[in-house]
Every structure is written in structure tokens, then in C-alpha cells.
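Okay, structure first, notes after.
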Amino acid sequence: MIIREIQKNDIYLLSEYKSFFSNNNETIPGAAGLETCKDVSTWINEKLLEKSKKTILNKNFVPATTFLLIDNNTLIGIINIRHELNDYLLNFGGHIGYSIRSDYRRRGFAKLLLNHVINYTFNKLNLDKILITCDSTNIASEKTILSCGGVLDNIIVSNANKLTKRFWINKKRIN
């Protein structure tokens, strides 16, 4: 099992991941737009360009890095870490978004992936705290965030009347 940054040659893995969710009538939360992309190759190139403010194609976005959790040539999960927050991310999206295939859930993979990216964020991006959000109905994600040191800050109501829980993880968290 490996966790690594997205690469140009990940077209098959990501296409299969996207198809898995589609075939099971599931959405892909936290996968940085993979669900709605028309072409996986283009999506990969966009994610690679998003690592720097200088190369981001959509100037409304912030720099971000995307990681994959892979086991035996199966993509188990995707996690996207935004290097900074804009107004929308501060309220609803947070620094981190992630998804795990439903057939791999409840086995600790979300926690493994989230802990990896939290350490990356503190050690490579030098952030002192990280905001992670989840829908108020997503109990599994809430438990994962809490188990990784998240502390509930508040609950915000979106324009669509959806409740979003906001958690902060401080660099000095207890593992």
C-alpha cells in the first residue's frame, strides 16, 4: 500500500475510480472535481498545475496537492490539500477534501490517508493549523476527523440550507 502524489500516468487508476463511483450511483466527495471532469487526463494535468499559484488555470482556485492511496493497482482513496484558504474554503471546503471507495470504507484507510496529509501539511507546507469540514450528516467523516485531532469549531449553514461542520487541527495535536 502506498500514498503518493498524483502522476501523469494515473489515467487508468483514476478512470477506474471514477467509474466505480458512477456505477454504484455514488458521488465522489473531496476528489477535487474528478466526478464532473470530462477527461481524466486533462483533470490530472489541471491538478498538477494547481500545485503553484503561478500555474493554476482557474484563478479562483488556491494552490493544492492531490495524493492517492493505492493498493495492488487499485485506487482506494483520493485526498486534496489546499495550501491556503479563500473565503469559500474558510467557510465550507477547508484545507482538505477526501474520498474512499465504498468497498474499502470502515477499515481505517481514511484515517491513514488523512494523517499522512496532515503531517505533509504541517511539515512541508508549514501551516500551524488545518481546517477540515464535512456535512453534518457524514458521521464516518466526522469520526475520522476527530480521531486525527480535529476539534469542532462550529456548524455553518450554506446557501442551500446544508449544515457543514468545521473542525480545526492544530500542529501541536496529540496523535
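Using a Gaussian network model of the chain in which every pair of alpha carbons under 10 angstrom is joined by a spring, one finds that among ILE28, ILE155, ILE130 the greatest mean-square fluctuation is at ILE155. For the chain, what relative contact order do you get, as a whole percent, if you take Cα pairs closer than 8 Å and at least 6 residues apart? 18 percent.
The list [x] 54; [y] 65; [z] 46 gives values of percent of Cα pairs over 21 Å apart, and only one came from this structure; which label was calculated from it? For percent of Cα pairs over 21 Å apart, the calculated option is [z].
Other residues with beta-carbon under 12 Å from the beta-carbon of LYS18 carry, at +1 per Lys or Arg and -1 per Asp or Glu, a net charge of -3. Of all lysines in the structure, the ones whose alpha carbon falls short of 23 Å from that of LYS111, not counting any fewer than 8 places away in one chain, are LYS18, LYS47, LYS124, LYS129, LYS143, LYS165, LYS171, LYS172. State the antiparallel share, in %, of DSSP beta bridges confined to the chain, rounding to the nearest 5. Given both bridge residues lie in the chain, the antiparallel proportion sits at roughly 95 percent. Sites listed here are GluC sites (Glu not before Pro) in region 1-67 whose DSSP assignment is loop and whose Cβ has at most 15 other Cβ atoms within 10 Å: GLU26. Neighbours of SER136, meaning other residues whose beta-carbon lies under 9 angstrom from its beta-carbon, give a summed charge of 0 when Lys and Arg score +1 and Asp and Glu score -1. In this Cβ point-charge picture (+1 for Lys and Arg, -1 for Asp and Glu), region 2-170 has a dipole of about 200 debye about its Cα centre.
Just so you know, all these numbers are worked out from the coordinates, no wet-lab data involved. Keep in mind the model is a prediction, meaning the values are calculated, not measured. A quick note on method: Cβ atoms are made from the backbone with ideal geometry, for glycine too, and the neighbour counts reach across all protein chains shown.
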